[in-house]
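Following: one structure in structure tokens, then a few remarks.
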Amino acid sequence: MRKLAIGTALTGALALAGVTAPAASAATPNLVFSDVTVNKGKAIVVGTTKTVNVPVTYTLTRPADLVIDNKKTFAAVMLYRGTLRSLANELDPAVMPTCTTTATTDTTVTESCSENIPVDPYEYLYDAADATTWKAAGLYAHVDGTASDDFLSSSSEVAVWGNLTTAKVQRAARLTVDATPEPAVAGKTITVKGKLTRANWETSSYPGYQGQKVVLQFRPAGTSTYQNVKGITSGTGGALSATVKASKSGYYRYVFAGTTTTAAATATGDYVKVK
């Protein structure tokens, strides 16, 4: 498992939690993570090269005497796939969260927190199984120790609260379109070709996405609204091909509504002049 991004002091903390899933003990402070929102409630769509920065907001209620200094004591929200006892994959903040106190009592402090989780597909997404619904967990860790040339000692305490909310991670999709001939003759046939592809995180490429429903749309020149023309299914290598009768000048495009694992995509309209 990779090193936690939220600080080198936490290296291995989630590995420990994943193996033993330690329950909160008397020494573990009672933290409450609530109102967790990942990516503003939208799916996290990831391609093959660009890092996607995912905003996370939540409310944290902690004991008034607990100091989270981000040096030895940490608290944050992470995303994970699998279970806390057996993590299949996990995503962590790039830097420690920013928190603002919103309420206090004699025993507790309530804070409004925000953080950013960077999703680099090359480093953090391993295979097609990562295109699924992930869960959010609240993490607390306290690490302590000393190190010198003569003596090394360290200890850690980890607690993780899972199933706070969910977030969908999807593969990015791409659509192309090419309508010919250009220009076209009224009453003659226009052939509209294209290709549907989607991100493959294992190979860092966009292979064809076969067997998917795609809609051909048309927008007459001088208007702003596309209308459905016909639905087709992507063929070998994600190939698309449809024919229509030329009637008026305008723009053709393909639209893919998406699937559970793959985001929606819309091709840029291709203009055909009809004479």
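The values are calculated or read from the model by the stated rules, or taken from the named source; none is laboratory data. Small disclaimer: the values here were computed from a predicted structure and weren't measured. Cβ placement follows ideal geometry from the backbone for every residue including glycine, while neighbour counts extend to all protein chains displayed.
Looking across N39, N70, one residue alone is over 10 Å from the mean Cα position of the chain (by Cα) and either of a type outside the set (V, I, T) or buried (at least 16 other Cβ atoms within 10 Å of the Cβ) (or both). It is N70.
For segment 48-75, taking the residues that are in contact with a helix residue (DSSP H, G or I) (Cβ under 9 Å, 6 or more places away or on another chain) and in a strand (DSSP E or B), the one that is farthest from T101 (Cα to Cα) is identified as V52.
For L152, indicate whether it is over 36 Å from the mean Cα position of the chain (by Cα) and over 30 Å from G231 (Cα atoms). Steps first, please.
Working: over 36 Å from the mean Cα position of the chain (by Cα): yes; over 30 Å from G231 (Cα atoms): yes.
Yes, satisfied.
Take the conditions (1) of a type in the set (A, V, I, L, M); (2) surrounded by 16 or more Cβ atoms within 10 Å (Cβ to Cβ); (3) modelled with pLDDT of 95 or more; A64 misses just one of them, which is (2).
Scanning segment 174-185 for residues that are of a type outside the set (V, I, T) and in a loop (DSSP other than H, G, I, E, B) yields a count of 3.
A Cβ distance below 9 Å, combined with a sequence gap of six or more or placement on separate chains, defines the contacts here; from segment 72-96, residues that are in the same structural domain as Y124 (by TED's automatic domain parsing) reach no residue that is polar (S, T, N, Q) and surrounded by 22 or more Cβ atoms within 10 Å (Cβ to Cβ). Taking segment 216-240 as the range and being under 31 Å from the mean Cα position of the chain (by Cα) and either of a type in the set (G, A, S) or buried (at least 17 other Cβ atoms within 10 Å of the Cβ) (or both) as the test, the residues that pass are L216, Q217, Y226, G231, I232, S234, G235, G237, G238, A239, L240. Before we move on, is V45 farther than 21 Å from T107 by Cα, in a strand (DSSP E or B) and in contact with a helix residue (DSSP H, G or I) (Cβ under 7 Å, 6 or more places away or on another chain)? In short, no. Of all residues in segment 257-275, those being of a type in the set (A, V, I, L, M, F, W, C) and more than 19 Å from the chain's Cα centre (by Cα) number 3. Considering (1) free of Cβ contacts under 8 Å to residues at least 60 places away in the same chain; (2) at negative phi, the lone condition that N163 does not fulfil carries the number (2). R171 passes every criterion in (1) within 30 Å of I44 (Cα to Cα); (2) exposed (fewer than 12 other Cβ atoms within 10 Å of the Cβ); (3) of a type in the set (D, E, K, R) apart from (2).
The set of residues in segment 107-139 that are assigned to a loop (DSSP other than H, G, I, E, B) and surrounded by 20 or more Cβ atoms within 10 Å (Cβ to Cβ) comprises L125, A131. Residues in segment 74-106 that are buried (at least 16 other Cβ atoms within 10 Å of the Cβ) and of a type in the set (A, V, I, L, M, F, W, C): F74, A75, A76, V77, M78, L79, L84, L87, L91, M96, C99. Considering only residues in segment 155-168 that are among the small types (G, A, S), more than 20 Å from N89 (Cβ to Cβ) and under 33 Å from the mean Cα position of the chain (by Cα), the one that is surrounded by the fewest Cβ atoms within 10 Å (Cβ to Cβ) turns out to be S156. Applying the set (1) surrounded by 18 or more Cβ atoms within 10 Å (Cβ to Cβ); (2) in contact with a Cys (Cβ under 8 Å, 6 or more places away or on another chain) to T57 leaves exactly one unmet item: (1).
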